[in-house]
């Protein structure tokens with residue numbers, strides 16, 4: 001296939017919204033929506049392009065996992081077309097990336113506070129050194145950095161089931177000795193906590209929501225500051241990677257406040 005080199009006339013600090021035509025069947029996603037389906041446009045990898053003298057080469061990258069800085073973009077691009085022709089809503093759960101296929105779902109973790117959410121990459125950018133993703137304003141709010149503007153994050157590509165696609169290491173490890181004992185990655189038990197509530201009724205509502213999505217959640221009462229609180233938790237998991245894999249599924253189902261908590265072994 002002949003490669004067509006495209007030069008985009010974009011400012012260094014901006015995303016590419018507004019440089020493309022909105023598809024005929026494209027609707028603006030609702031506030032707080034994680035857009036799914038075709039959204040009226042076809043999935044594409046994209047051709048190489050040049051911004052401010054730098055070439056970028058989009059590619060399939062199912063095991064993408066990178067740490068860097070995230071920023072966010074909002075009112076200047078609200079309602080305009082994204083790089084794949086979808087309509088941008090700064091209050092929905094989308095993002096811009098320089099090279100991932102459009103769209104790609106990613107898990108973004110704010111390394112400064114531990115918050116994680118799932119976003120749909122449907123735009124190009126940010127074209128600023130060290131920044132690896134530009135999230136919507138709502139994404140920045142949920143990740144807790146909308147006021148500061150920039151934060152350090154980990155971005156991981158998700159597969160079609162909402163899981164982090166991990167490389168197959170069976171072949172690489174087959175030549176190694178299998179006599180070594182298996183050691184737990186972290187001592188203690190790991191729980192996924194979806195929330196803590198002062199009212200039991202509110203906790204039970206959340207449990208019902210989780211159970212309806214196939215997540216077996218439990219109610220746990222504990223005392224903090226002289227008052228009773230009700231925790232909604234999933235687990236325990238002996239191995240932390242198992243908890244992390246489950247967390248990916250929980251977050252992808254819309255429970256954006258879920259976190260992993262570890263209780264030390266006694």
Inset, instruction - Any chance you could get the radius of gyration and Dmax over the Cα atoms of the range 185-263, in Å? - result: 12.4, 36
Legend entry - For the range 60-157, alpha-carbon Rg and Dmax in angstrom: 11.8, 33
Inset, instruction - Whole Å is fine, so just give me how far the alpha carbon centre of the range 199-266 lies from that of the range 61-89. - result: 30
Legend entry - Label point distance in nm, residue 60-residue 141, each placed 7 Å from Cα along Cα→Cβ: 3.7
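If I take R0 = 22 Å and measure r between the Cβ atoms of residue 45 and residue 163 in this structure, what FRET efficiency does the formula 1/(1 + (r/R0)^6) give, to the nearest 0.05?
Calculated transfer efficiency: 0.55.
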Legend entry - Cα-based Kirkwood hydrodynamic radius, the range 47-89, one decimal, Å: 13.3
Inset, instruction - Order by neighbour count: 263, 223, fewest other Cβ atoms within 10 Å first, most last. - result: 223, 263
Legend entry - Relative exposure of 44, 80, 129, judged by other C-beta atoms within 10 Å (fewest first): 129, 44, 80
Legend entry - Fewest-first sequence of 116, 71 by Cβ atoms within 10 Å of each Cβ: 71, 116
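Just so you know, all these numbers are worked out from the coordinates, no wet-lab data involved. Bear in mind the structure is a predicted one, so any value in this text is a computation, not a measurement. Ideal geometry is used to build each Cβ from the backbone, glycine not excepted, and the neighbour counts take in all protein chains shown.
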